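Report on the following structure.
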Amino acid sequence: MTSPDLPAELKAALDAKLVGLSRNDAAERAAAISRTYRDGGGSGAIQSATDALAYALARMPATYAAVTASLNALVGIRPDFAPKSLLDVGAGPGTATWAAAEVFPSLADFALLDANHALRALALDLMRDSTRLRETGYERGEARAALAKADAADLVMASYMIGEIGDAEQRALAEMMWEKTRDALLVVEPGTPAGYARIIALRERLIALGAHVAAPCPHDGACPIQAPDWCHFTQRLQRSRAHQQVKGVELPFEDEKFAYVALTRAPAAQRRSRILAQPVVTKVEISAKLCTPTGLAATSVPRRAKAEYASARRWRWGDAIN
């Protein structure tokens with residue numbers, strides 16, 4: 001499985017951008033941008049090169065970790081998947097593209113789309129010295145208009161972006177992304193009830209158009225989870241000193257909550273149950289909540305079953321198990 005930590009090339013590129021940057025100014029800009037997002041706004045608050053860099057320092061590590069975890073889950077179900085082309089919709093600073101490049105050495109053709117000029121400029125600057133990404137194409141334009149002109153790709157991704165557009169636009173964009181998908185479509189959103197609701201709406205709409213769920217669900221049926229619960233996952237990542245300073249925190253790690261769906265043209269060859277929360281370990285047993293091909297279930301492994309218990313000790317929230 002690919003590490004959730006930023007790759008060395010991207011770290012080096014970000015470090016180079018830090019020279020002469022006021023961390024206090026970056027922290028203030030990042031906080032203002034975060035407030036805009038929490039209030040329902042979008043990337044329009046990112047206007048300058050400093051805004052874009054502050055946003056990247058604050059959000060790139062967590063977004064990268066969530067996308068990487070989602071792609072790892074797809075690979076777990078489709079170990080034979082070796083896409084050659086990528087289309088990154090609403091690419092921002094290019095975070096999802098970096099993650100896909102790390103997960104899939106087979107990728108050779110990268111196409112990015114976004115309307116924000118500052119994020120586009122930063123993405124291209126960060127990729128300038130990359131071995132694989134320096135020739136990346138990045139079109140500037142509103143998502144649906146730019147997508148209409150884009151070529152189809154083996155892997156299409158949209159990470160942390162569909163929440164920035166209205167419901168009707170989300171439906172239209174989902175259908176267009178699916179039209180551009182030759183094999184797999186991955187959509188990642190914040191791990192909030194609202195983010196989960198957007199994922200479920202997109203999932204339902206595209207299944208109706210012939211898509212099949214590869215991950216996280218082990219079925220193409222309706223989500224069995226009922227409110228106030230919602231399906232989401234978490235990925236722990238390490239924070240660099242600059243990351244801590246920009247976010248104004250002292251903890252050296254962060255737990256990013258996210259929701260996602262990976263949809264494919266062909267049904268998955270295997271249907272493995274998904275762990276929906278961190279397993280509970282006691283002196284007597286290990287218990288876990290699962291989403292199975294037939295619905296929700298609880299499972300437990302007693303300590304006396306030594307081999308099975310040892311295996312269950314390695315279970316983590318989000319894992320697919322048999």
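With 28 Å as the limit, the listed pairs Lys11/Lys289; Lys247/Lys289; Lys17/Lys180; Lys11/Lys180; Lys84/Lys149 have Lys11/Lys289; Lys247/Lys289; Lys17/Lys180; Lys11/Lys180 beyond it between alpha carbons. If you roll a 1.4 angstrom probe over the protein chains with everything in place, what fraction of the accessible area of the chain belongs to carbon and sulfur, to the nearest %? Answer for the chain: carbon and sulfur cover 51 percent of the accessible area. Annotation for the stretch 191-251 versus the stretch 125-165: alpha-carbon center distance of 21 Å. Derived scalar couplings between HN and Hα for the stretch 135-140 equal 9, 4, x, 9, 8, 9 Hz in order, rounded to whole Hz, by the Karplus curve 6.51 cos²θ - 1.76 cosθ + 1.60 (θ = phi - 60°), x for Gly and Pro. Which net charge results when you count Lys and Arg as +1 and Asp and Glu as -1 among the other residues whose beta-carbon is under 15 Å from that of Gly295? After counting each charged neighbour, the total is +2.
Out of the GluC sites (Glu not before Pro) in the stretch 231-279, which ones are loop residues according to DSSP with at most 16 other C-beta atoms within 10 Å? Don't skip to the answer; put the middle values down first.
Working: sites: Glu250, Glu254, Glu256; in loops: Glu250.
Passing both the DSSP loop test and the Cβ count: Glu250.
Among the lysines, select those whose C-alpha is under 19 Å from the C-alpha of Lys283, and discard any that sit fewer than 8 residues away in the same chain. Cross-link targets: Lys306. Note on the chain: helix-only mean residue ellipticity at 222 nm, from DSSP H runs of 4+ residues weighted -39500 (n - 2.57) and normalised by residue number, equals -12000 deg cm²/dmol.
With the Cα gyration tensor of the stretch 56-122 giving a ≥ b ≥ c as the square roots of its eigenvalues, does the rule (a/c under 1.5 for rounded; else a/b larger than b/c for prolate; else oblate) give rounded, prolate or oblate? It would help to have the intermediate numbers written out before the result.
Numbers: a/c = 2.74, a/b = 1.52, b/c = 1.80.
Oblate, since a/c reaches 1.5 and b/c is not below a/b.
Cys291 contributes about 10 Å² of solvent-accessible surface, heavy atoms of the protein only, 1.4 Å probe.
The values are calculated or read from the model by the stated rules, or taken from the named source; none is laboratory data. Values in this document were obtained by computation on a predicted structure and should not be read as measured data. Cβ coordinates were reconstructed from backbone atoms using ideal geometry, including for glycine residues, and neighbour counts include every protein chain displayed. Just so you know, the surface numbers come from the protein's heavy atoms only, side chains and all, with ligands and any DNA or RNA stripped out. Shrake-Rupley method; radii C 1.70, N 1.55, O 1.52, S 1.80 Å.
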